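Asks: One structure is given below, represented as structure tokens, and several questions about it will come after.
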Amino acid sequence: MKNTTKAPTQIDFKKAMCYISKVKTRFTQRPEIYQAFLELLQNYQKGSKSLQDVFPGVIQLFRSAPDLVQDFRHFLPNLSKSARAQIEGV
């Protein structure tokens, strides 16, 4: 019998791409916010910033969109307790 479940990485990638698209759409009139968000992600991907370093930048960028901050936390499985407390406070 063929396994029809998708690998978690495929699902996570699809969710991440949907989230990035949501951010881009939300900030159509403020492309500098979207670009700054992409830079944060690139810094994380390159290894020059940790999630704990990236998250405060996300909070700052999305201060007018707390739902995006809440959605972002789904991509942060290893976030410290203090950073997670910041999320809960948003």
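The values are calculated or read from the model by the stated rules, or taken from the named source; none is laboratory data. Note that the structure is a prediction, hence the values are computed from the model and not measured. Here Cβ is always computed from backbone atoms with ideal geometry, including for glycine, and neighbour counts include all displayed protein chains.
Asks: Tell me, yes or no, whether the range 37-47 has at least one residue that is out of contact with any helix residue (DSSP H, G or I) (no Cβ under 7 Å at 6 or more places or on another chain), modelled with pLDDT under 90, among the hydroxyl-bearing types (Ser, Thr, Tyr) and surrounded by 11 or more Cβ atoms within 10 Å (Cβ to Cβ).
Replies: Scanning the range 37-47 turns up no residue that is out of contact with any helix residue (DSSP H, G or I) (no Cβ under 7 Å at 6 or more places or on another chain), modelled with pLDDT under 90, among the hydroxyl-bearing types (Ser, Thr, Tyr) and surrounded by 11 or more Cβ atoms within 10 Å (Cβ to Cβ).
Asks: Still on this structure: Just need a number here: residues in the range 15-57 that are among the charged types (D, E, K, R) and more than 18 Å from Asp67 (Cα to Cα). Break it down into steps so the answer makes sense when it comes.
Replies: Of the residues in the range 15-57, the ones among the charged types (D, E, K, R) are 15, 22, 24, 26, 30, 32, 39, 46, 49, 53.
If we keep only those that are more than 18 Å from Asp67 (Cα to Cα) as well, we get 32, 39, 46, 49, 53.
Qualifying residue count for the region: 5.
Asks: I would also like to ask the following. If Ser21 satisfies every condition in (1) modelled with pLDDT of 95 or more; (2) assigned to a helix (DSSP H, G or I); (3) over 12 Å from the mean Cα position of the chain (by Cα) but one, which is the exception?
Replies: (3)
Asks: Quickly run through the range 24-36 and pick out the residues that are part of a helix (DSSP H, G or I) and either at pLDDT below 95 or of a type outside the set (Lys, Arg) (or both). Steps first, answer last, please.
Replies: In the first step, residues of the range 24-36 are kept if they are part of a helix (DSSP H, G or I); the result is 24-26, 31-36.
Result: Thr25, Pro31, Glu32, Ile33, Tyr34, Gln35, Ala36.
Each row is one residue, and each column tells you yes or no for (1) out of contact with any helix residue (DSSP H, G or I) (no Cβ under 7 Å at 6 or more places or on another chain); (2) at pLDDT 95 or above.
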site	(1), (2)
Ser50	yes, no
Leu61	no, yes
Asp71	no, no
Gln86	no, no
